[in-house]
Every structure is written in C-alpha cells, then in structure tokens.
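The values are calculated or read from the model by the stated rules, or taken from the named source; none is laboratory data. Owing to the predicted nature of the structure, the values given are computational and were not obtained by experimental measurement. Methodologically, a virtual Cβ is constructed for each residue, glycine included, from the backbone with ideal geometry; neighbour enumeration extends over all protein chains shown. What goes into the accessible areas is simple: the full protein's heavy atoms, side chains included, and nothing from ligands, DNA or RNA. Shrake-Rupley method; radii C 1.70, N 1.55, O 1.52, S 1.80 Å.
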Amino acid sequence: MSNTVHFQARGRTVVGCTLLVIALGASVTACTGGGADPLSAAPYDAAGQISFNGPTDAGKKADPDKPLEVVAEGADGRITDVTAVDATGRYVAGELSADGTRWHSTSPLAASVRYTVRVSTEDGDGAPGRKVLTFETGERAARKTLDVSFGPRAGAYGVGQPITAELSRPVADKAQRAVVERALTVRSTPAVQGAWYWVDDKTLHYRPREYWPAHATIQVRGNLDGVRIGDGLWGGRAAPLEITTDDSVVAVTDAAAHTLTVYRDGKEVRRVPVTTGKPGFETRNGVKVVLGREPFVRMRSSTVGIAEGSSEAYDLPVYWATRVTWSGEYVHAAPWSVGSQGSANVSHGCVGMSTENAKWFFGEVQEGDIVQVINSGGKTMESFNNGFGDWNLDWAEWRRGSALTGGTDTANSQEAARLRPTVV
C-alpha cells in the first residue's frame, strides 16, 4: 500500500467574547476564561494531520499481506485512537505508539474486503480532530511455504562436521536469499566466527572459519515462520537442532610417504603404513570429513565403470571401512596389499592398511572427524556434492558464497561429477 498524503496541521480558532454576544443578541456579560473547553468543540477535519499507507486513487486496492499504518504529521498533533473495521463488523487489531505518532495493525487484513478506518486526533491546543478513511483490499496471492530441514541429526560429531540447511523450495533471488539466511542462526559455545554458503538454490552449508572447537555445543535455529520472503513465498517452521563435538581428531594421509598419522587434540596418537591410489586412480588431495563407518562393504569394480574381466576388475569383501566420499572413497582394511603398504601406492583410490590398523582406525574416528590427504597426484576433493569438502575453500571464498557477506556463487555445484559408489 502506498500513496501517502501529507498536509500541515491546522490550529483551533478562538472566538472573542464580544463577537459571541453580538451574534447571539444576548446581554453583555464578561468572559470568565480565555476560551471554551477544547473537548467541547466540534471535531475538525484531521486530513491534514495524518497520513496512511492505503490507496488514495480510485480503483486501486491495498495488498492484504501488508499491515495498515496511520502516522501523525507535524510536530503539534498526535493520534488518540484508531479503529479499523470491515463491512461485516470485524475489527482489525492494532497498536498505537506511546507518543501517539504512529498506529499500525497487528492482525492480518482480509482479502477482497472494504475497510473503514476512523482516526481520532488532537492538535497542540488539545482540540479534537476526526478523519474517516476507506479502502478496499485486493485478492491475496496464493501462499507458498518455505520449510527448512537442518542436518546432521542431533548427536556428537567431529570438529569438521558442517551444518546443512535443506530448503523445501528453491530460492535464487539474492534479496530473498538474504531474508532466508538472516533467519537461520547458528550459535556455538565456545563462540566462533562462521558463515552460511549457498551450495545451490535449495542447499546451504554452515562452517566456522577454522574447525569447530573440541567439546563445543552448537545450536541451530530457524526463525522464518510467518516471515514474508518474497511475492507469495512465506517462511515455515524449522525444527531446531543441537549437536556437540568430541575430541579434535585429524588423520593426515601423506601419499608420498605412504603413511597415515592420527592426531587427537593436536597430539600424535599413531602413524601407520598405508597405500593410496596408483597412477590413473590417484586419491583425492584435500580435506574430507568422515561420513560414516561400515564394518563390511562388498566392493565391485563394475560399480565404478571398470569392465568385468579387465586387468583392473575386482570384487572384494572389505572390512572396517570408514567412508569419506559418497563416490566410494574409504579408509579400510586391505590385507591383499600389505606388502605395498608403507612403500607403494597400488589402490584404486582408497587408503588401504592392514586389518589390525583398519580396525583400530575404525574405532578411533566418528562422523565429522577430519581425514586429509596430501602429496597425492590426484585432483583436490570437490567442495560439495561428494561428501563434505567444505574446508577446501579458504575463508574469503567461503564468505563469497553468503548472501549477506558476499555474492551468490554456486559455481562449485558444477563440481558434482559422476559419483562412483565404491573404489578400492
């Protein structure tokens, strides 16, 4: 609703005693005061003392999804009362500011209804003013609701676990993204600096500048319920989420040195010999996050595009498998390659170790822990869509993915190459 009208407040005219006597033809008497009680005067037209945000042009209708607002104009007048009622007698709830300068509706307007608004005012001398306003509301656009689902599920995680937000509808407009992002709050104890990143139109990830602190509590809330995001799009409810972090566990695989070293809270726990991806199947460099643990996985080369019967074909039972990508990269037991572990890279992309070491590693890590690969000839881990490669973006790049602190770069979504179920 727009088209506000502004006028100057009018003063109250005081009629002298002599003029009253002549006009009434009465006996001459003395005045007993400087004027009549202001409240006894007939209310003046307060059109010049107020403005409202309803339509003033014929044929125009108000948006029922926007609140009604009446404002006192000028320094010497104020609103004393406002009533807004539709043709059936239903009143609109509202709130008047303490200083009488503004009234706004607090209950929604109905669609396709004619409203009558009666405004009472008084000027600087206390004289009462009245104004009756009328307007009609248009039809209400069909509402679409945007729901939000947070991840991961509640529980304890490693310090590399990002927070995810999945939207029920796509949001591409930058201004609408800002509305959504502003309503998604993440609070960590201890406090850390963090930001959301728009992976695509329906997915956001949140991470701190550095890894989460060990033994932190992270609370996630969505405050979009009832918030207007855009034309016809309104926020819905989002179930809150709370997770905690355990010790800081970081495993670093050096593909050139053929070792995997586990650090807990910054201190080295164990270094074990491993094998990584051979030429043509190099293990991805970069930071990955543990996605899950599987005591047993059947790994078949046909699921990754290697033809059955070829020299690279395999069909193996694999134990103590810790998953780090959705395309099938694991840290797992590889008893068939023990002779190469610590000296050569012979796998199809996974990090292989002895059964004893794999079982130990399986028991040391959990979802959200960090597995980093260095000195491999492979490409860098995808930032998104193949697990959590979020930490491979530096902080400046990450902030550019926010609708509040940077652009709306979704180029990284193109990194989602064909996902391969399992490699060994």
Requested in this report: Would you kindly give the portion of the calculated P(r) for the range 70-193 that falls above 21 Å, as a percent of all Cα pairs?
Outcome: 64 percent
Requested in this report: Please identify, among LEU404, LEU260, LEU68, the residue showing maximal mean-square fluctuation in a Gaussian network model of the chain using a 10 angstrom Cα cutoff.
Outcome: LEU68
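With only alpha-carbon pairs counted, each pair once and no self-pairs, how large is the Kirkwood hydrodynamic radius of the range 69-143 in angstroms?
Details: mean 1/r = 0.0752 Å⁻¹.
With all distinct Cα pairs of the range 69-143 included, I get 13.3 Å.
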Query raised in the report: Just from its helices, what would the mean residue ellipticity at 222 nm be for the chain, if runs of 4 or more DSSP H residues each count -39500 (n - 2.57) and the sum is divided by every residue, rounded to the nearest 500 deg cm²/dmol?
Result: -2000 deg cm²/dmol
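Residues of the chain: accessible area per residue at 1.4 Å, in Å²?
Details: 20630 Å² over 424 residues.
For the chain, the per-residue accessible area is 49 Å².
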Query - Taking the chain and dividing mean pair separation by its residue count, relative contact order in percent (alpha carbons under 8 Å, at least six apart) - result: 13 percent
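Provide the gained length on full extension for the span LYS379 to ASP231, in nm with one decimal, where the gain is 0.36 nm per separating residue minus the Cα-Cα distance. Walk me through the intermediate numbers first.
Values: separation 148, 0.36 × 148 = 53.28 nm, distance 4.27 nm.
The LYS379-ASP231 span can extend by a further 49.0 nm.
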Requested in this report: Roll a 1.4 angstrom probe over the protein heavy atoms and tell me the percent of accessible area of the range 132-172 that is carbon or sulfur.
Outcome: 47 percent
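May I ask you to work out the translational diffusion coefficient for the chain at 10 °C, viscosity 1.306 mPa s, via Stokes-Einstein with Rh from the Kirkwood sum over Cα pairs, reported in whole µm²/s?
Rounded to a whole number, D works out at 59 µm²/s.
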Query raised in the report: Size of the dipole of the chain about the Cα centre, Lys and Arg at +1 and Asp and Glu at -1 on the beta carbon, nothing else charged, in debye to 20?
Result: 460 debye
Requested in this report: Springs between alpha-carbon atoms under 10 Å, Gaussian network over the chain: tell me which of ASP201, ASP147, ASP57 tops the mean-square fluctuations.
Outcome: ASP57
Query raised in the report: Which of ASN392, ALA334, ALA110 sits farthest toward the positive end of the charge dipole of the chain, with +1 on the Cβ of Lys and Arg and -1 on the Cβ of Asp and Glu?
Result: ALA334
Requested in this report: Answer rounded, prolate or oblate for the range 223-332, using the Cα gyration tensor with square roots of eigenvalues a ≥ b ≥ c: rounded when a/c is under 1.5, else prolate when a/b is larger than b/c, else oblate.
Outcome: oblate
Report task. Could you run the Debye sum over the Cα atoms of the range 263-398, one equal point scatterer each and no solvent, and tell me log10 of I(q)/I(0) at q = 0.10, 0.12, 0.15 Å⁻¹, two decimals? Result -> -0.32, -0.46, -0.73
Query raised in the report: How much length, in nm to one decimal, is gained on full extension between ALA175 and ASP201, taken as 0.36 nm per residue of separation minus their Cα-Cα distance?
Result: 8.1 nm
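Using alpha carbons only, what's the Rg to Rh ratio of the range 171-228 with Rh from Kirkwood? Numbers along the way, then the final one.
Details: Rg = 12.7 Å, Rh = 12.5 Å.
Result: Rg/Rh = 1.01.
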Query - Entries of LYS202/LYS288; LYS288/LYS359; LYS202/LYS379; LYS61/LYS144; LYS288/LYS379; LYS66/LYS202 with Cα pairs more than 24 Å apart - result: LYS202/LYS379; LYS66/LYS202
